[in-house]
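In what follows, a structure is listed as structure tokens, so that the remarks can point back to it.
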Amino acid sequence: MSVHTQIKRLTIPQLQAMKGEQKIVSLTSYTAPFARILDEVVDFILVGDSTAMVGYDMPDTLSITVDMMAQHAKAVVSATQRCAVVVDMPFGSFQESPEMAFRHAAKLLRVSGADSVKIEGGEYLAETTRFLVERGIPVLAHIGLMPQYFHTMGGFKAQGLSDEAAERIYQDALAQEAAGAWGIVIEGTAEPLARRISEAVSIPTIGIGASPACDGQVLVAEDIFNLTHGRIPKFAQQFSDVAAVIREGVTAYATGVREGSFPSLDHCFGVKK
């Protein structure tokens, strides 16, 4: 009789329990091949609406739909066994009302099998967070620099640099914690503020351009692998040059085709040896 070892996926309560015990590691992924590799290392994968810009070359994150996000998340969930999976609620899918948010969040989790949704918004969306959590949908909040609000923020600019702005974001964090969010992403925010929030709240903070004091970190995977077209953001670091490896492989393939060394008869069917 064969013995199968069942790998249990990290749960949201387990991620919460990591606060103060060990740093939480997260990266974005939108496809099965990428997710399968990340699953071996990270604690949770964020299926971010950044796929609009990274995967579809859109100018911002505003045009991606619930159905598109659900299918990307489904691919990530199918390809992973160990890490938790969090999926972004795209622009326009939750801002109108808590009821609207629930319908779209329920669809995202039902179609994809993801463990949690993420919503961008502070104190003014705390009611929505509470509505979702009370109905069984885990919520990862997102405050500070919020890409879905870049029109009202005047672009992708660091947040919390003035005392007034810092206090507003601090209150956003407290409100989301009180509403039942299991964690808070803090993006593009003044470091002292992100540190203050991380020390004040009892739930994990996940930094992206925030502070080393955050309980975990998340980055867009393509940024750290040199797969992003254009400038790497200030808050990211290139940890490997995957683009160079792909380029080398493509060049070798093209050379083989042009020189006639690929395909050989070993790659063909019906050939008698």
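Tell me the residue from Leu15, Leu10 that is more than 13 Å from Glu222 (Cα to Cα), touching a strand residue (DSSP E or B) at 6+ places or on another chain (Cβ under 7 Å) and open to solvent by 30 Å² or more (accessible area, probe 1.4 Å), please. Steps first, please.
Details: Leu15 fails: open to solvent by 30 Å² or more (accessible area, probe 1.4 Å).
Of the residues listed, the single one that is more than 13 Å from Glu222 (Cα to Cα), touching a strand residue (DSSP E or B) at 6+ places or on another chain (Cβ under 7 Å) and open to solvent by 30 Å² or more (accessible area, probe 1.4 Å) is Leu10.
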When residues of region 124-148 are filtered for being loosely packed, with under 15 Cβ neighbours inside 10 Å and in a helix (DSSP H, G or I), how many remain?
3
For region 238-273, give me each residue that is open to solvent by 80 Å² or more (accessible area, probe 1.4 Å), more than 30 Å from Ile224 (Cα to Cα) and either charged (D, E, K, R) or touching a helix residue (DSSP H, G or I) at 6+ places or on another chain (Cβ under 8 Å) (or both).
Arg258, Glu259, Phe262, Asp266, Lys272, Lys273
Do we find a residue being touching a residue at least 24 places away in the same chain (Cβ under 8 Å), touching a helix residue (DSSP H, G or I) at 6+ places or on another chain (Cβ under 8 Å), in a strand (DSSP E or B) and of a type in the set (Val, Ile, Thr) anywhere in region 79-87?
yes
Determine which single condition Ala52 fails, assuming it passes every other condition in (1) in contact with a Ser or Thr (Cβ under 7 Å, 6 or more places away or on another chain); (2) within 20 Å of His151 (Cβ to Cβ); (3) open to solvent by 10 Å² or more (accessible area, probe 1.4 Å).
(3)
Out of the residues in region 198-223 meeting the condition of being β-branched (Val, Ile, Thr) and in contact with a strand residue (DSSP E or B) (Cβ under 6 Å, 6 or more places away or on another chain), tell me which one is farthest from Ala173 (Cα to Cα).
Val220
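Taking region 101-123 on its own, how many of its residues are small (Gly, Ala, Ser), under 21 Å from Ile206 (Cβ atoms) and not in a strand (DSSP E or B)?
Residues of region 101-123 small (Gly, Ala, Ser): 101, 105-106, 112-114, 116, 121-122.
Next cut, under 21 Å from Ile206 (Cβ atoms) only: 101, 105, 112, 114, 116, 121-122.
With not in a strand (DSSP E or B) added as a condition, the list becomes 101, 105, 112, 114, 121-122.
Residues in region 101-123 being small (Gly, Ala, Ser), under 21 Å from Ile206 (Cβ atoms) and not in a strand (DSSP E or B): 6 in total.
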The lone condition Ala166 fails out of (1) open to solvent by less than 80 Å² (accessible area, probe 1.4 Å); (2) part of a loop (DSSP other than H, G, I, E, B); (3) of a type outside the set (S, T, N, Q); (4) closer than 29 Å to Ile119 by Cβ is (2)
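This table checks each residue for (1) in contact with a strand residue (DSSP E or B) (Cβ under 8 Å, 6 or more places away or on another chain); (2) at pLDDT 95 or above; (3) of a type in the set (Gly, Ala, Ser); (4) open to solvent by 60 Å² or more (accessible area, probe 1.4 Å).
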position: Ile24; (1), (2), (3), (4): yes, yes, no, no
position: Asp39; (1), (2), (3), (4): yes, yes, no, no
position: Ile64; (1), (2), (3), (4): no, yes, no, no
position: Val77; (1), (2), (3), (4): yes, yes, no, no
position: Pro90; (1), (2), (3), (4): no, yes, no, no
position: Ser97; (1), (2), (3), (4): no, yes, yes, no
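The values are calculated or read from the model by the stated rules, or taken from the named source; none is laboratory data. Since we're looking at a predicted model, the values are computed, not measured. All Cβ positions, even for glycine, are placed from backbone atoms using ideal geometry, and neighbour counts span all protein chains on display. We work out accessible area using only protein heavy atoms, side chains counted, and drop any ligands, DNA or RNA first. Shrake-Rupley method; radii C 1.70, N 1.55, O 1.52, S 1.80 Å.
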